[in-house]
Every structure is written in structure tokens, then in C-alpha cells.
1. Do me a favour and compute the ellipsoid semi-axes for the range 310-463 from its Cα gyration tensor, root of five times each eigenvalue, largest one first, whole Å.
2. For the ranges 217-227, 128-138, what's the packing order if you count other beta-carbon atoms within 10 Å of each residue, average per peptide, and put the highest first?
3. Looking at the range 698-747, I'd like the Rg to Rh ratio, where Rg is from alpha-carbon atoms and Rh is Kirkwood's inverse mean 1/r.
4. Quick one: which residues, 5 or more positions from Glu292 or on another chain, have an amide H under 5 Å from its amide H? H modelled 1.01 Å from N in the peptide plane, none for Pro or chain starts.
5. Dimensions of the range 162-211 along principal axes (Cα, Å, largest first)?
6. Please pull out the direction-averaged projected area of the range 55-132, using the convex hull of its alpha-carbon atoms, in nm² to one decimal place.
7. How big is the range 623-751 along each principal axis, measuring the range of its Cα positions in Å and listing the largest first?
8. Give me the Kirkwood hydrodynamic radius of the range 1-93 in Å, from all C-alpha pairs, to one decimal place?
Amino acid sequence: MRVPLSWLKDFVDITEDIQTLCKKMVDIGLEIEEVDYLGKNVSNIVVCQIEEIAQHPNAERLLCCKVNIGNEIIPIVTNDHHVQVGDKVPVALHNAQTANGLHITKGKMRGEPSFGMFCGAEEVGITKDYYEGADYDGVLVLRKGAEIGQDIRKEVGTDDYVLDVCVTSNRQDCNSVLGIAREVAVALGKTCKEPDVSYTEESAQTTDLVTVNVQDCDICPTYYMQGLTDVVVAQSPLWLTSRLAKVGLHGINNLVDITNYVLYEIGQPMHAFDYKEINNKTIIVRRANNGEEIVPLDGKTYSLSTDDIVIADATRAVGLGGIMGGANSGIVDDTNCVLFESATFARGNIRRTSRRLGLRSDSSARFEKGIDAYTNNLGLSRALHLAQKLGCGKVTTGRICVGVEGRERTVEFETPRIKQLLGIEIPNQRILEILSSLNIKTTIDGTHITCIVPAYREDIARDCDIIEELIRVYGYDNITGTLMEGSHITCGGKTPIDAHLDSVREVLNGLRYDECIFYPFAGKALFDKASLIPVDESKYIRVMNPIGEELSLMNVSLAPNMLQCVALNLSRQNSKLKLFEIGKAYLTDSLPLTKLPVEQKRISICATEVDFDTFRTNVLQVVSTFVGTKGIKLVRTTDSALLHPGVAADIYFGDVLCGYMGKLHPQIAANFDINVDTYIAELYVDELWNNKKEQTKFVAFGKFPAITRDFAFLCNEEVLAQNILDEFLNLPLVESATLFDTYRSEQLGAGKKSIAISVVFRDANKTLQDNDIEKQAGKALRAINEKYGAALR
């Protein structure tokens, strides 16, 4: 919210410097994001009066002037022939800086001295909204009453600060100059003046001119309308347009400028309808029809739905409620009668419409945060006062009001409640002073406090809201550190599973994997890319109020976001990737939800430009942090919608499925434009944690030597190497068994392969002999041949 300091001074007597003001505003909870001095780019430019003009002796196009700058007469050479003796103009003196970046120094022009330069509006940093004549492309001629020698910034109105105040979502009353002024008055301990809303009704009855029908009070709780007859459309005075310019708006005409002025000063969005464009003299507030079209003031055509609010006459929509007026009912030069609209619209509808249509305005921004009925009435009265003050027309008699007017609310509580929440006591007299400064009428009877809250403070509804107001003004520094009743000091920490996940992070970081953090939701388009078949959107939990369709469905897997990240990095020439994420999948048995979904913790691991063995080792190292190295099995899977059917495996611990891993399916890789070998795994943390080994025990290194034997088997293609390894691992003297080669050739025959494994034998009590190994190996070889038809080569 941009608020000019000069505008605030209309309501509060501010004598403090800008630093003190900002500090006091921050102390009561207003965040000042920026302080912008409008004249910051201009220096050493003053008002001068031309005393003498003569032709330059050496140049026909130049004039030599003598100008009075208040304390001396100096020479200035100019090429602007429209200046005259007696004119007051801006002059940039020696070492001056202009708004358009020029640095001015004194010197000679074609042999004649010039101690500076006359300036136009561009050099001074203003437009026609600030000063009369500023639209002329030449030297700016100032008003006759300009003070000679005065800093030009004071003359043209740029000697002013604009405060950019961050207004929190619960303080919609502060989305206006008046709202900020009320807070400034509290911060400075001063009084805030109310705006002048007086006017005289001197024209036809408003109800004789128009009929208002609000068809759905849920979308429009309050609607006010009153107008002007005998309208004169003209340019607004500079005091009004300059204020609009300081908040970023340009003057259009007196009627439109008044609605914009009230929008910023009072916080009430308004619209002015040209009465002659209202068919059957009827205003209808209704939901739009599906497919109904409207052309707002931006000139574009929008197709509407029943979630949108329109202001219509008997035959067509003439405004998009709460967002923008229609081009077919705006103010034009021959407008003779005007109807002012001041209303409250359902913030949810305004937000959804604005987002869906991509149409935002200053009005929609305020309606999205909420407008109260009190402000509706105040804003319309202020607009009529300004219209009468500027001679825009005659105010109609009577005001049409549909809905409930803003009312004060009563909040009651006991004074001990203050200490219960804050831990400190505030003297009763100070309570009365603070609440009075906030326009909250308060009485204290013993320990009972009765507060009457003004209608514009819709954020105050309970005792805790009043107490929050008290402490922000009384000062948070006055709070002493005390424990709440019934509480005790605790030692912070993480749950055991979260602490273990930190150790998982350390393992993966040690393997040079980088952690990623993604949103827990995505869109159907992304989920479709990560699947061989289109996903069924009805099986996903939908976000109730998504930012957009691309973030509307809760994740059931961490893979889609991970693959999108891989694709993004590859597109930026980061090809060697090792990434992981610790997140959640959101699973449910049925939709719509009848109970909270299962939030399943998972670990997603992904790497590019690695081989399968390396990736498998990395993944199993993570698994082993939970369950150790014994009992882990990889079982080939061929029905994955994500992984390559020949390079994919489910990860089991005993009979418990703990995740999957493998190479990305070529079609999925193509969907993401991933053109390098990519491996991905997803581990189910809860299943791993539930089977976590109790304690790692140290086992001494064997005193007796190990003996290694290599075996090569000829078997059918469908035989899994893991099955052969398991037959050896089940033997009591086998310490380890690993696959080190898989071979295929024409000589072996179609559908055949050779598997080579290395087996380590060791006895903890003696040195093994050949016959010991042959007995053990014989058992495994016979079982392998019988079960899998694999023959020793």
C-alpha cells in the first residue's frame, strides 16, 4: 500500500521526521517495506524569474537571459524562444542533478557565460498530473505566485515521501490512506481527523432514476447506489491528480478520478455508470451465466461462468462485479447523469474470477482482502462530497441500500484474561487510553471490561483480539519472559525417525548426492508424463483451493517432481546428477475423503550417467542404515509404469516391500526429454523403520583365512542371478556372494546366458580344507540345478 506523507497529513498533524515516524509505525506492527522520496533524483534546481532577455551575439537560435534566483542575478543561455521577461521557470544551477540523469555545470555557450540551464517537466521529474503546463515539451513556466529561490521540489510537489506499507491479510481496514492515518495517530499519540463527507442533495430521487435488484446476497451482502445529475465531465484539479500520480495512477476525468481517489483514501472500490447506458433503468447484481461474455474497460472479451459476479441491466452485463466496469457503461464526454456504485462482494468469488481470467485491478485486490459495509457507506459519501466540491453535478436525493449496514460489535471479558495471555498486567488507565486511541469505546467495571468495536474493524471479534491490540500499542518490549500457566520447560529435539533421516542425509551427502525439496503437489500433466498410461485424476487427492491446475493434485509418488528436476538440469547442461528428496506421498482408500489421508514418508534417489551396479550399491547403502546388510532382497519386476522392464527391481526386507529401484523407462525418459541413462529409486521409510535393526553389533575379524571360489553357470534367460546367490548365502560357511559377470553369445544359444559369481567361505573356528568347501558348494550346486536348471560351466 503506497501512502504519500502529504496525504497522511490531511488526517494527522505529523511533525516528526520520516525516520521517527517509520520507527513508531513499525513499533505498533506496521511493516514499512520502502520509503521513497519523490525528489531523490533532483538537486540544486530552484525557482528563478527572468529579468532580461537578449539575442545571443554569436548564435541566432540562442538567447542570453539574466535571471533572479533570490540572492543574486546570474546569466543563463537558452534555446527556448517562448520564455518571456517576468516568467518564473526552474533553473538548474552549478552542480545540479536533473531527474533524467543530467549533471549541470556552469560554463560558456558560444562564448557567452551560462551559470546553469532552464528546465522542463522531464528534468524536474513531473508530468501534467503534477503541474499545469508540464505537458509542454520545453521550459516549464511556473505560476506567478512561485517563490523565487525556492527549491523546485517544493513548488511542483515532489518534496514528499511515499511510504510502502505492507498490510497483513487480517487488516483490510488499513488498505487505505485513512486506515494508515488511524494507525499513525495511534503510533504518535495524536488524533486522526475524519474525512469530510458532507454534501447537499439537490436533485431527483435516486429511486426514481434506477431500481436495484441483488439476486444473491451471498455474493453481494451490501450494495449502495446514489448519483449525480446535470453532470459536467472535465479535467480534475491538480491537487487531486498529483495525489493519484504519487500512488501510480494518471488523471482521466473528474468523475473517474474521484472513484480512484476514494479507492485509495477510504479503501472503497467504486464504479461510475453512465446512466443513459443502463437499459430499463435497472441494476441487477447476479451470477453470470455459463458462457456469458463481457468486455470490461481493458477492451478484452472474457467468457464467464456461474462463479463470476456481474452487474447487469435488464438486457446485458455492464460490469464485472468487484473487478472492473464494463466498456459499455463507462463515463464519456457527453455523460449527463452518473450512478455511483459502492458495494461489498464475496472475496472468494472475486479471487477465483480474477485468477481464472487473469484480470487484476486495484479494486479486485481490495475485495479479495475484504471490504466492510461501513466503508461502503463512507466511501460513497466521500465521493459525493468531492463531486459537489468539484462542481461535477447535482447530488440525487436518497440513497439506495440493499443489505445490512455496518454495525459496531461488543466484546466483553475479565481483566485477568490479559495477564493469562500476556504474562503481564496493564494498568486500567492505560487500557482505556490505548483502546480510546483505537476508537474502541471501553468501560471497566471492577474486573469486567466492555469494548464497543468500530464497524470498520472486522478483525476484532474476541477478547484475544482486543488484548492483541493492547500489547501492540503498549509495547512488546514490556513483555517479560514467563511460562504460561500449566506449562514447563522442555528440551527440544527431533523424533527418532526424523533423527535417523538426518543420518540418511549424511550418507547420501557422503555419496555426493544433493538434496532437493519439492512441493507436495503437482498437476495431472506432470503425472501423465511420469506414467506409461494416463493417470486417473479421480484417484488423486485434489487441493481445495489450488494456485493453479499444475499444482492441484497431491503426490502419490516422489518420482514426477524428481524427474522434472532432472529434465530442468539437463536442459541447462548439468548432465551428471545425483539427487535425493525426503518427502511424503498422500494415499487414501477412497475419495472423496472421509478421513485424513495416509502421509507416507518416502526417500527418492535419482542419478544420471552411472551404471546399475553403482546405483544399486548406493541405494542398498541407504537401506542398510535402517535394516542392516542381512535380509535385503532385490526381486525383478516387469509391470512398473515407470521403470525399464529389464532393469527394475522391488526391494524387500524379508517379505516386506520396502521400495523399488531401476532404470528409467525409455518412454518416460522421452516424455521428459531426458536423453541420458537415468536410474531412480523410491524407498518406503515407514516399512524400513518398522524393521529397523535394534543395534549394530561389532563382530571381530576372523582369525582364520577366507577362501574364495568362482562359479559360472549356464542357465535360461529368465533365471535371476539373485536366486543363485541366495542358494550360496543360505550355507553356514558362506560369508558373501556377489555377481561379477553376465555373458550372452550365439555360442551359448538363444535364450541362454552365463552368470559368474564369486563366493567367500570362512569358518570362525578353524582353517577350511578343500573337502569342507566341496561339501558346502555341492549342496548349493545340486539345489541350483534342480530348482533352476542351471549347469556349472
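The values are calculated or read from the model by the stated rules, or taken from the named source; none is laboratory data. These numbers come from a predicted model, not from an experiment. No Cβ is skipped: glycine too gets one built from the backbone with ideal geometry, and neighbour counts run over all protein chains shown. Quick note on the areas: whole protein, heavy atoms, side chains included, nothing else; ligands and nucleic acids left out. Shrake-Rupley method; radii C 1.70, N 1.55, O 1.52, S 1.80 Å.
1. Value: 41, 20, 12 Å, ordered largest first.
2. 217-227, 128-138
3. Answer for the range 698-747: 1.07.
4. For Glu292, whose amide H was placed from the backbone, the distant partners under 5 Å are Leu304.
5. 46, 26, 20
6. Averaged projected hull area, Cα only: 5.6 nm².
7. Here the spans come out as 54, 46, 25 Å, largest first.
8. That comes to 17.0 Å for the range 1-93.
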